[in-house]
Amino acid sequence: MKSTGNRLLWVLLAVLVLSSWGASLVQTSFGDIRVHSIKMPAHNGQWVVADLYRPLAATRDAPVPLVFVVPGFQRGKEALSNVAIELARRNMVAILIDPYAQGGSSASLSRIAATTEGYGMFALVDYVASTPNLNYVDRTRIGATGHSAGGNAAIRGANYFGREAQRTGEPSKLHSVFVSGYVLTLRDDVLEDVRSNIGVSYAYYDEGAYRNELKNGDMRIAPEALRVVNLGRDPSLPPVEEVELGRYYGDLEDRSFRVVHNERILHPFQPYMVEAMANQVEYFEHVFGVDSGLSSTDQVWYWKELLSLVSLVSAVTLLIPLGRALLRLPLFASLVHPVPPPLPRPAGRGRVLFWSFFTIGALIACFSYIPMAELSQVLFVKASNREITWFFPQRMNNAVMMWAVLNGLVGYLMFWISWRFHGRRHGVTPDMWGARVSRNELLRTFLLALTLFAIYYLLLFALYWLFHADYRFLFMGVRPFRPVELMLLFVYAPFFFLFFLSNSLRVNGAMRTAGQPEWLSMLLGGIANSLGLLLIVVVQYVTFWWTGTVYWTDGWLYVNLLFAVVPMMFVLPYFNRFFFRMTGRIYLGPMVTCLVFIMILLTNTVVYLPL
């Protein structure tokens with residue numbers, strides 16, 4: 001058994017290293033692209049962190065176009081690495097930024113940083129356009145693209161530099177922009193000052209389309225799309241009354257070139273659609289006159305996503321054999337206890353009580369999420385208003401934390417009621433829960449959890465330093481953290497721990513019954529833990545499919561957050577059970593998973609920390 005555990009540890013470690021290396025090879029096009037991080041100071045003491053993708057073919061003697069890539073709300077730079085990869089493969093430099101208040105970039109003194117500063121992109125455009133340092137960039141061909149709020153940053157950049165161009169009499173520093181997943185600012189007051197070519201790509205099934213002027217995602221007759229294609233149109237030509245999707249309008253010479261796409265996909269998945277990627281790279285090749293020799297459908301970015309997914313799964317699974325190995329050390333060996341006997345299998349009223357609480361727990365989890373998100377906006381006013389603060393500065397995590405605290409307390413209550421009125425009368429004793437622990441043992445358990453957390457992230461930092469690749473799949477990712485986020489971990493983790501410990505107690509002290517296969521027990525735990533949040537997603541999208549408008553409109557971004565949270569909730573009981581079987585106690589699992597999972601949440605959401 002010991003040798004098997006060691007073998008699994010080394011196999012997972014090897015898979016993790018190889019998959020990270022493979023992701024790096026895809027990202028660098030097997031050495032044809034150089035990727036490295038940059039950090040630039042901006043005004044007001046702010047700073048921008050970005051990844052620079054430079055094709056080796058870009059030189060002082062053969063300068064190439066440059067495109068700034070701006071992720072949207074709740075997205076760090078790695079979430080749109082696919083765009084940077086495909087542009088760089090086509091001989092364009094790409095600078096992929098962490099938007100202000102996200103990832104490694106600072107917060108902004110502006111509450112509307114995407115609008116007023118392009119999430120930090122404006123400062124970088126000014127730098128590139130005015131310095132000879134990037135002598136491999138053709139400064140007359142600078143573009144910007146972004147998805148969602150990043151798309152807003154792109155069109156606002158065209159407006160900002162268009163107004164500057166009118167003042168100076170020079171061409172706009174932004175030659176061309178591509179706006180993906182955002183049409184709310186395609187208004188006359190924004191577009192009238194634009195002096196750049198414009199491409200637009202909008203998901204036909206965008207969940208936020210209820211905010212559009214026609215309340216849907218159809219761009220053929222959308223006023224927003226019509227204003228774009230008619231902007232700068234030859235006065236001798238009749239205005240366009242219906243957009244022909246994918247058709248090129250206007251002229252490149254006077255920067256009146258326009259195109260609109262309308263892919264049939266949901267908002268969060270639009271950047272990861274081969275068709276949408278093809279539309280975007282075709283646009284930039286056309287406006288910049290780049291002939292890469294590659295078809296627009298010749299794409300490799302998804303191989304990086306798959307390899308990063310392997311890294312993601314390998315890294316988190318590695319915690320199990322690593323925990324077993326550490327428990328063999330003298331410092332932690334005393335934490336190992338026999339696994340308590342399982343609970344008697346419920347029958348009759350006990351079975352009814354079990355399934356009743358199973359259902360009630362899921363319904364409470366479902367119906368409490370949006371109200372807790374709304375309550376968080378009342379309790380944490382500054383973060384909700386995007387103002388810098390040290391007091392719980394993560395707007396979206398505050399909502400999840402409130403939900404976790406409530407549902408953790410509900411879990412304790414249901415556990416106690418079940419035992420008080422049924423379990424203790426049918427052979428269930430507290431010794432079966434694995435909850436007895438001394439203060440010294442609890443401290444050692446926490447030390448072991450900290451050790452596992454440290455090793456997990458040290459491996460990530462090492463692999464990121466070697467390969468410039470983290471663990472992620474699409475918009476779900478594990479990225480290196482900043483020191484200040486370590487401080488935030490110990491602000492948020494105690495509140496989340498109420499939920500994580502509650503889950504471990506219920507999974508191991510109420511759902512582990514005699515005669516039940518272990519796989520079925522853990523599956524039920526996973527379903528019970530994630531069903532309520534999954535129901536929210538189901539209600540949201542069934543309503544959207546049926547009516548054309550999502551059920552939760554004002555809270556649709558909180559629902560989109562669940563695409564990353566639900567998988568975490570599903571696998572959480574598995575880890576709590578595995579660590580329970582190692583130690584015979586309920587504490588190591590929630591300590592480890594709380595530290596790791598909450599740091600993942602902290603590094604993948606907006607944070608409005610003082611500069």
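Per residue of segment 587-593, what does 6.51 cos²θ - 1.76 cosθ + 1.60 with θ = phi - 60° give for ³J(HN,Hα)? Whole Hz please, x for Gly and Pro, Karplus curve as stated.
9, 5, x, x, 5, 5, 5
Using amide H atoms built 1.01 Å from N in the peptide plane, name the residues 5+ places from Val177, or on other chains, whose amide H lies under 5 Å from its own.
Ala144, Asn197, Ile198, Gly199
If r is the Cβ-Cβ distance from Thr359 to Val542 and R0 is 22 Å, what FRET efficiency results, to the nearest 0.05?
Approximately 0.70, to the nearest 0.05.
Stretched out fully, how many nm does the piece from Val300 to Ile417 gain, at 0.36 nm a residue minus the Cα gap?
Full extension of this stretch gives 36.7 nm more.
Can you tell me how much longer the chain between Arg220 and Ala347 gets when fully stretched, taken as 0.36 nm per residue apart minus their C-alpha distance, in nm with one decimal?
39.7 nm
In vacuum, with every alpha carbon of segment 79-184 counted as one equal point scatterer, what does the Debye formula give for log10 I(q)/I(0) at q = 0.24 Å⁻¹? Two decimals, please.
Reported log10 I(q)/I(0), two decimals: -1.50.
In degrees from 0 to 90, rounded to the nearest 10, what is the angle of the helix 274-288 Cα long axis to the longest principal axis of the chain?
Value to nearest ten degrees: 30.
Where does helix 439-467 land angle-wise versus the long Cα axis of the chain, in degrees 0 to 90, nearest 10?
30
Using only the Cα atoms, what convex hull volume per residue in Å³ does segment 227-354 have? Don't jump to the answer; show the numbers that get you there.
Values: hull volume 34.7 nm³, N = 128.
Expressed per residue, the convex hull around the Cα atoms of segment 227-354 is 271 Å³.
Could you name the lysines in cross-link range of Lys173, using Cα to Cα under 28 Å and dropping any fewer than eight places away on the same chain?
Answer for Lys173, where 28 Å is the Cα cut-off: Lys39, Lys77, listed by chain and number.
So for the pair Trp21, Ala454, with labels modelled 7 Å out along Cα→Cβ, what separation do we get in nm?
Between Trp21 and Ala454, the simple spin-label model gives 2.8 nm.
Let me see the P(r) profile for segment 457-518: every Cα-Cα distance counted, bins of 5 Å, each bin given as a percent of all pairs.
For segment 457-518, the pair-distance distribution reads 4, 14, 13, 14, 15, 14, 12, 9, 4, 1.
Report the per residue volume, in Å³, of the convex hull enclosing the C-alpha atoms of segment 455-587.
Convex hull volume per residue, Cα atoms: 164 Å³.
Just grab the label-to-label distance for Asp554 and Leu447, each label 7 Å out from Cα along the Cβ direction, in nm (one decimal).
With each label point 7 Å from Cα toward Cβ, the separation is 5.0 nm.
From the square roots a ≥ b ≥ c of the eigenvalues of the alpha-carbon gyration tensor of segment 151-241, which class results: rounded (a/c under 1.5), prolate (a/b over b/c), or oblate? Let's see the in-between values first.
On the way: a/c = 2.45, a/b = 1.49, b/c = 1.65.
In terms of gyration-tensor shape, oblate.
What would the Debye equation give as log₁₀ I(q)/I(0) for segment 30-299 at q = 0.07 Å⁻¹, counting only Cα atoms as equal point scatterers?
-0.21
May I ask you to evaluate 6.51 cos²θ - 1.76 cosθ + 1.60, the Karplus curve with θ = phi - 60°, for each residue of segment 206-221 and list the ³J(HN,Hα) values in order in whole Hz, giving x for glycine and proline?
5, 5, x, 5, 4, 7, 6, 4, 9, 6, 8, x, 6, 8, 5, 10
If you place +1 on the Cβ of every Lys and Arg and -1 on the Cβ of every Asp and Glu, how big does the dipole about the Cα centre of the chain come out, in debye to the nearest 20?
Here the size comes out at about 3300 debye.
How big is the antiparallel share of DSSP beta bridges in the chain, given as a percent to the nearest 5?
Around 40 percent of the beta bridges assigned by DSSP in the chain are antiparallel ones.
Based only on other Cβ atoms within 10 Å, what is the fewest-to-most ordering of Ile370, Ile38, Ile97, Ile155?
With the fewest neighbours first, Ile370, Ile38, Ile97, Ile155 line up as Ile38, Ile370, Ile155, Ile97.
Say a paramagnetic label sat at a point 7 Å from the Cα of Ala333, along Cα to Cβ; which residues of segment 576-594 have their backbone N under 14 Å from it?
none
Calculate how steeply helix 301-317 sits against the longest principal axis of the alpha-carbon atoms of the chain, using the helix alpha-carbon long axis, and give the answer as 0 to 90 degrees to the nearest 10.
That helix lies at roughly 20 degrees to the long axis.
Among Met92, Leu12, Ser311, which residue has its Cα positioned farthest towards the positive end of the charge dipole of the chain, with +1 placed on the Cβ of Lys and Arg, -1 on the Cβ of Asp and Glu, and the dipole taken about the Cα centre?
Of the candidates, Leu12 comes out farthest on the positive side.
What does the helix-only formula give at 222 nm for the chain: each DSSP H stretch with n ≥ 4 adding -39500 (n - 2.57), the total divided by the residues, and the result rounded to the nearest 500 deg cm²/dmol?
Value at 222 nm, helices only, nearest 500: -17000 deg cm²/dmol.
Taking segment 309-602 as the region of interest, what is the percent of Cα-Cα pairs per 10 angstrom bin, listed from the shortest bin to the one with the maximum distance?
6, 26, 33, 25, 9, 1, 0
Run the numbers for Val274 and Ser438: contour at 0.36 nm per residue of separation, minus the present Cα-Cα distance, in nm. Mind dumping the intermediate values first?
On the way: separation 164, 0.36 × 164 = 59.04 nm, distance 5.56 nm.
Extra length available between Val274 and Ser438 comes to 53.5 nm.
Please list 3J(HN,Hα) in residue order for segment 55-72, calculated via the Karplus relation 6.51 cos²θ - 1.76 cosθ + 1.60 where θ = phi - 60°; whole Hz, with x for glycine and proline.
x, 5, 6, 7, 9, 4, 7, 9, x, 10, x, 10, 10, 7, 10, 10, x, x
Distance in nm between label sites at His36 and Val491, each 7 Å beyond Cα in the beta-carbon direction?
3.3
What is the pair-distance distribution P(r) of the chain, computed from all Cα-Cα distances in 20 Å bins starting at 0, with each bin given as a whole percent?
Result, from short to long distances: 19, 49, 26, 6, 0 percent.
Under 5 Å between amide H atoms, partner at least 5 residues away or on a different chain: which partners does Trp47 have, H built in plane at 1.01 Å?
Hits under the 5 Å cutoff: Ala42, Ser106.
Each value in this text was obtained by applying a stated rule to the coordinates, not by laboratory testing. Worth saying up front: this structure is predicted, and the values here are computed from it rather than measured. Every residue, glycine among them, receives a Cβ derived from its backbone with ideal geometry; neighbour counts consider all protein chains shown.
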